[in-house]
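Novice: Below: one structure in structure tokens.
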Amino acid sequence: QLQLVESGRGLVQPGGSLRLSCAASGSTLDDYAIGWFRQAPGKEREGVSCISSSGGSTNYAEAVKGRFTISRDNAKNTVYLQMNSLKPEDTAVYYCARTIATMGCPLGGWAFRSWGQGTQVTVSS
């Protein structure tokens with residue numbers, strides 16, 4: 001019922017910034033923690049960041065700490081991922097998803113459903 005759509009795809013140079021959006025329809029996001037994940041070519045999907053339903057708690061993968069910021073605007077039914085100081089290794093398709101139940105903010109894909117279609121982020125000179 002809940003559908004998520006990612007947007008914000010782009011090609012940026014190393015050191016650049018990009019903001020991704022995860023917009024919900026069919027239901028509201030405020031009951032769920034929302035996670036961002038990414039999958040690079042030839043690699044498994046990895047958790048990038050997660051934000052609690054209220055926005056009060058966040059979690060980040062070590063690889064992006066200090067560079068990425070997750071936020072949400074429940075009034076707009078949207079979650080954002082601000083990506084700064086981008087590196088070539090950040091190149092991937094980025095996905096958002098919601099947790100399956102009331103829980104904290106995990107980074108494991110097992111805890112998430114309603115995956116979006118993904119949006120491509122390419123960091124290259």
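Novice: Considering only residues of the stretch 100-125 that are touching a Lys or Arg at 6+ places or on another chain (Cβ under 6 Å) and in a loop (DSSP other than H, G, I, E, B), which is farthest from VAL12 (Cα to Cα)?
Specialist: Applying the filter and picking the extreme gives ILE100.
Novice: Right, VAL64: outside any loop (DSSP other than H, G, I, E, B) and under 21 Å from ARG9 (Cβ atoms) or not?
Specialist: No; evaluated as a whole, the condition is false for this residue.
Novice: Could you list all residues from the stretch 67-113 that are within 15 Å of the chain's Cα centre (by Cα) and small (Gly, Ala, Ser)?
Specialist: SER71, ALA92, ALA97, GLY108, GLY109, ALA111
Novice: Can you tell me which residue among SER71, SER85 is part of a loop (DSSP other than H, G, I, E, B) and closer than 27 Å to GLY15 by Cβ?
Specialist: SER85
Novice: Of all the residues that make up the stretch 1-58, how many are modelled with pLDDT of 95 or more, open to solvent by 70 Å² or more (accessible area, probe 1.4 Å) and basic (Lys, Arg)?
Specialist: Count: 3.
The values are calculated or read from the model by the stated rules, or taken from the named source; none is laboratory data. These numbers were taken from a predicted model, which means no experiment stands behind them. So basically every Cβ, Gly included, is an ideal-geometry build from the backbone, and we count neighbours across all protein chains shown. Please note that ligands, DNA and RNA were not included when accessible areas were found on the heavy atoms of the full protein model with its side chains. Shrake-Rupley method; radii C 1.70, N 1.55, O 1.52, S 1.80 Å.
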